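Engineer: Let me begin by handing over the structure; questions about it come next.
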Amino acid sequence: MAKTVVKFGGSSLADAQQFKKVAEIIKADGKRRYIVPSAPGKRFGADIKVTDMLYSCYDAVAEGADPQKEFKPIAERFGAIAKDLGLNLSLNEEYETIINNFKNNAGRDYAASRGEYLNGIILAKYLGFPFIDAADGVKFRANGDFDVDLTNASLTSILSKTRYAVIPGFYGAKPNGEIKTFSRGGSDFTGSIIARAVKADLYENWTDVSGFLAADPRIVDNPEVIKVITYRELRELSYMGATVLHEEAIFPVRTAGIPINIKNTNDPLAPGTMIVPNATEEETTTVITGIAGRKNFSVISLEKDEMNNEIGFLRRILTLFEAEGINFEHIPSGIDTLSIVLCTDEINKHPGLLERINEVARPNHIEAERGLAMIAVVGRGMKEKRGTAARMFAALSHAKINIRMIDQGSSELNIIIGIKEEDFEEAIKVIYNVFMLQ
Ligand code: ASP
């Protein structure tokens, strides 16, 4: 029978009202069998996420504050959810254990994980599903690295024995039982590894937006929701700063070829965004799938006569970068010129870098220009369409925006441009208007 793994983010489980929506969603489709909850998130703008409350509580206890008093607001949040759902469930024993473990320095990861743990217990009770502690199935090595293979094997084995389950997101355990969390937002990753382990047909990721937007809504008014996006396109856009999902969450399902559907708990009928291994022609209705970008880049430009004939020129520079652990983004090159685009932070972290490049490469001229922004225009539809770059560059030139760098990958999945930071917002609007509003 088909199975869907369903992950709900913190805002989807912030209070009893939201829990009720979640239960309706799950009950509306019998394929939704494995449920991964986050900890309760914000109920309103100024609210505090339970994960943050747990970190603060643990730190306060470590500094000698009264554990009972510090834990009280957390217990109250869970207590209110259970009570408002009308559940006959006492969590007092759980609270006692947690408080004792806090006193015994169980660690900040342990502390943070209790949000997902307690929320999972409540949700399992409310749904009537078995609760499975993520510590039993999600495995880390003693050195703290995530153990992909052991996790996959143990989750497959545990979950093959149950038709339905609630498994808390965000954490797992080391061989000695010590709790370890993923990085923030890591429940997305838990959902993804569970989807892979149970060979799900679909991984639904429920949040508070109706999908992945084609551009940043702080820059473009009401950007369109992307209906279908491929994993590769998503990677390009996420890398450039567009986020809905935890970055690492894509890899396990991608390996297994399982599609992800981003859905909105507050608008469950909206189709959301489908993230798929490959999109069909019918699903490719636009040239551009999305636009994303980031500021804070710099370009180091080098000029050297006869650079094209000098064997090893680039290698010497890259060897220096490797030795110093410097990450770069792009290296557009001409016959006698070379540009290296990198995050400005990399230049700041390595004072004297230009002098050292000078020493190894002996260019005629070298300079660094800061204050650049990069914009990635991503779309699988570009490949089949002539004139995409022409339309984009014409529109930018019309808007008097000077393009400092162009990079088009050979796969023709994206065009990346470098512009001055002050042109960033305008450039995104211009590109969006050209491709999405016409
Ligand atoms: N609760 C954790 C966080 O706030 C993990 C998650 O929500 O995915 O980061």
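The values are calculated or read from the model by the stated rules, or taken from the named source; none is laboratory data. Every value quoted in this text rests on a predicted model; they were computed, and no experiment measured them. Methodologically, a virtual Cβ is constructed for each residue, glycine included, from the backbone with ideal geometry; neighbour enumeration extends over all protein chains shown.
Engineer: Taking the condition part of a helix (DSSP H, G or I) and either within 25 Å of the chain's Cα centre (by Cα) or surrounded by 17 or more Cβ atoms within 10 Å (Cβ to Cβ) (or both), does GLU283 pass?
Structural biologist: Taking the combined requirement at face value, the residue does not satisfy it.
Engineer: Kindly indicate whether any position in segment 17-24 is in contact with a strand residue (DSSP E or B) (Cβ under 9 Å, 6 or more places away or on another chain), within 23 Å of VAL198 (Cβ to Cβ) and more than 9 Å from the ligand (Cβ to nearest atom).
Structural biologist: Checked segment 17-24: at least one residue is in contact with a strand residue (DSSP E or B) (Cβ under 9 Å, 6 or more places away or on another chain), within 23 Å of VAL198 (Cβ to Cβ) and more than 9 Å from the ligand (Cβ to nearest atom).
Engineer: Out of the residues in segment 169-182 that are over 16 Å from LEU123 (Cβ atoms) and not in a loop (DSSP other than H, G, I, E, B), state the one that is nearest to the ligand (Cβ to nearest atom). Reasoning before the result, please.
Structural biologist: The initial filter retains those residues of segment 169-182 that are over 16 Å from LEU123 (Cβ atoms), namely 172-182.
If we keep only those that are not in a loop (DSSP other than H, G, I, E, B) too, we end up with 172-173, 179-181.
Numbers: GLY172: 13, ALA173: 16, ILE179: 13, LYS180: 13, THR181: 8 Å.
Among residues in segment 169-182 that are over 16 Å from LEU123 (Cβ atoms) and not in a loop (DSSP other than H, G, I, E, B), the one nearest to the ligand (Cβ to nearest atom) is THR181.
Engineer: I've got another one for you. Within segment 16-70, count every residue that is closer than 21 Å to ARG184 by Cβ and surrounded by fewer than 18 Cβ atoms within 10 Å (Cβ to Cβ).
Structural biologist: Qualifying residue count for the region: 13.
Engineer: Pairs needed: first member in segment 175-195, without any contact (Cβ under 8 Å) to a residue 60 or more places away in the chain; second member anywhere, surrounded by 19 or more Cβ atoms within 10 Å (Cβ to Cβ) and basic (Lys, Arg); C-beta distance under 9 Å; at least 6 residues apart or different chains.
Structural biologist: Filtered contacts from segment 175-195: PRO175/LYS139.
Engineer: Now, a different point. Considering only residues that are surrounded by 19 or more Cβ atoms within 10 Å (Cβ to Cβ) and part of a loop (DSSP other than H, G, I, E, B), look in segment 224-243 and name the one that is nearest to the ligand (Cβ to nearest atom).
Structural biologist: ALA242
Engineer: Could you say which residue among VAL209, VAL220 is within 16 Å of the ligand (Cβ to nearest atom) and either more than 14 Å from ILE262 (Cβ to Cβ) or not in a helix (DSSP H, G or I) (or both)? Full working, then the answer.
Structural biologist: Numbers: VAL220 fails: within 16 Å of the ligand (Cβ to nearest atom).
Just a single option satisfies the conditions, and that option is VAL209.
Engineer: Can you pull out the residues in segment 101-111 that are within 16 Å of the ligand (Cβ to nearest atom) and basic (Lys, Arg)?
Structural biologist: Step one: filter segment 101-111 for residues within 16 Å of the ligand (Cβ to nearest atom), giving 107-111.
Selection gives ARG108 alone.
Engineer: Here is a list: GLU76, GLU94. Which entry is closer than 26 Å to PHE129 by Cα, surrounded by 14 or more Cβ atoms within 10 Å (Cβ to Cβ), away from the ligand (no atom under 16 Å from the Cβ) and at pLDDT 95 or above? Steps first, answer last, please.
Structural biologist: Values: GLU76 fails: surrounded by 14 or more Cβ atoms within 10 Å (Cβ to Cβ).
Just a single option satisfies the conditions, and that option is GLU94.
Engineer: I'd like the residue in segment 184-204 that is part of a loop (DSSP other than H, G, I, E, B) and away from the ligand (no atom under 16 Å from the Cβ) and, out of all such residues, is surrounded by the fewest Cβ atoms within 10 Å (Cβ to Cβ).
Structural biologist: Initial filter on segment 184-204 (part of a loop (DSSP other than H, G, I, E, B)): 184-186, 198-201.
Still in the list and also away from the ligand (no atom under 16 Å from the Cβ): 198-201.
Values: VAL198: 20, LYS199: 10, ALA200: 24, ASP201: 14.
The qualifying residue surrounded by the fewest Cβ atoms within 10 Å (Cβ to Cβ) is LYS199.
Engineer: Would you point out which residue out of THR255, THR181, THR207 is surrounded by fewer than 20 Cβ atoms within 10 Å (Cβ to Cβ), among the polar types (S, T, N, Q) and touching a Lys or Arg at 6+ places or on another chain (Cβ under 9 Å)?
Structural biologist: Working: THR181 fails: surrounded by fewer than 20 Cβ atoms within 10 Å (Cβ to Cβ); THR207 fails: surrounded by fewer than 20 Cβ atoms within 10 Å (Cβ to Cβ).
It is THR255.
Engineer: Further question: Here are ILE288, ILE300, ILE275, ILE340: which of them is assigned to a loop (DSSP other than H, G, I, E, B) and either among the β-branched types (Val, Ile, Thr) or touching a Leu at 6+ places or on another chain (Cβ under 9 Å) (or both)?
Structural biologist: Details: ILE300 fails: assigned to a loop (DSSP other than H, G, I, E, B); ILE275 fails: assigned to a loop (DSSP other than H, G, I, E, B); ILE340 fails: assigned to a loop (DSSP other than H, G, I, E, B).
Just a single option satisfies the conditions, and that option is ILE288.
Engineer: While we're here: Would you point out the residue of segment 152-168, among those that are part of a loop (DSSP other than H, G, I, E, B) and of a type outside the set (A, V, I, L, M), that is surrounded by the fewest Cβ atoms within 10 Å (Cβ to Cβ)? Walk me through how you get there before you give the answer.
Structural biologist: Applying the first criterion (part of a loop (DSSP other than H, G, I, E, B)) to segment 152-168 yields 161-164, 167-168.
Now restrict to residues that are of a type outside the set (A, V, I, L, M): 161-164, 168.
Values: LYS161: 9, THR162: 13, ARG163: 13, TYR164: 17, PRO168: 30.
Applying the filter and picking the extreme gives LYS161.
Engineer: Determine which single condition ARG114 fails, assuming it passes every other condition in (1) within 16 Å of the ligand (Cβ to nearest atom); (2) more than 25 Å from TRP206 (Cβ to Cβ); (3) touching a Leu at 6+ places or on another chain (Cβ under 7 Å).
Structural biologist: Going through (1) within 16 Å of the ligand (Cβ to nearest atom); (2) more than 25 Å from TRP206 (Cβ to Cβ); (3) touching a Leu at 6+ places or on another chain (Cβ under 7 Å) one by one, ARG114 breaks only (2).
Engineer: Looking only at segment 27-60, which residues are within 13 Å of the ligand (Cβ to nearest atom), outside any loop (DSSP other than H, G, I, E, B) and aliphatic (A, V, I, L, M)?
Structural biologist: Those that are within 13 Å of the ligand (Cβ to nearest atom), outside any loop (DSSP other than H, G, I, E, B) and aliphatic (A, V, I, L, M): VAL36, VAL50, MET53, LEU54.
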